[in-house]
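Okay, so here's the structure we're looking at.
Throughout, read-outs are computed from the coordinates displayed, never taken from laboratory work. The structure presented is a predicted model; accordingly, all values stated were derived computationally and were not measured. Cβ placement follows ideal geometry from the backbone for every residue including glycine, while neighbour counts extend to all protein chains displayed.
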Amino acid sequence: MSTRARSYFLSSVFKKQIIAVTGLALVGFIIVHLSGNLLILLGPEAFNNYAQVLHTLPELLWAARIGLIAAFVLHVVFTIKVTLENRRARGGTRYTVAATHGRTNFAKKSMILTGLFVFFFLFFHLSDFAVAEKLGPYAMLRGTEYELYGLVWNGFSNPIRVLFYLGFVWCVGIHLSHGIQSLFQSLGFFHDRYTPLLSKVSLLFGLGVAAGFSVIPIYVFVRNLIGGPPV
């Protein structure tokens, strides 16, 4: 490996590009995952059909899961590396200034903390729904087995689980509310006119994702209070 190539792979620019690329992959997963999860509002048939389609190719599904975890690990590790390097640095290049352009807000200051919460939530979520047994008593509703639909419904019938889930999805939203903007800046995009617009889009996207994921546990919990599952 040439000195020039080695210098690039050790540079802050390369690390930020890794953060951006893995971030893009994770954003894509979030959009697809939220779209599928919202099918629970249409009832057990639509939701379980979605789950069954995913499981018709188990090798591909597990490859996607492993890829997701790898992207998460790389995203978190390189984010921490860049943050520590920035804290050690004195002064900085124009790139560093551009990457931190704008006023500091809660979302920006809490990026590492919310990112770590999301990272740990991924494992909780996979163990809770993705790899959990979807047959048996935990999938039963009114004496009938409803597979993943029943498992999710029973899970969100517990108010503690609902609050726990809501806390984490809003961490996702807070992270994304600044993350989308940072992602594009890490790829070298910075414009006096369009960056402020991108900041607003990032905020709206983060809020939309958090609200979208919140709909599911709130819908299940409230529906149980007023009449039970629509089965």
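Sorted largest first, the spans of the alpha carbon positions of region 48-91 along the three principal axes are 55, 18, 9 Å. Our estimate of slack between L10 and N224, defined as 0.36 nm per intervening residue step minus the Cα-Cα distance, is 71.7 nm. In this structure the amide hydrogen of L141, modeled in the peptide plane, comes within under 5 Å of the amide hydrogens of Y146, none closer than 5 places in sequence on its chain. Approximating the spin labels as points 7 Å out from Cα along Cα→Cβ, the L84-to-R161 distance works out to 3.7 nm. Between T3 and V215, the contour length at 0.36 nm per residue exceeds the Cα-Cα span by 71.1 nm. Ordered by the count of other Cβ atoms within 10 Å of each Cβ, fewest first, L84, L176, L38 give L84, L38, L176.
In terms of other Cβ atoms within 10 Å, H75, H55 run from fewest to most in the order H55, H75. The fewest-to-most ranking of S182, S12, S214 by surrounding Cβ atoms within 10 Å reads S214, S12, S182.
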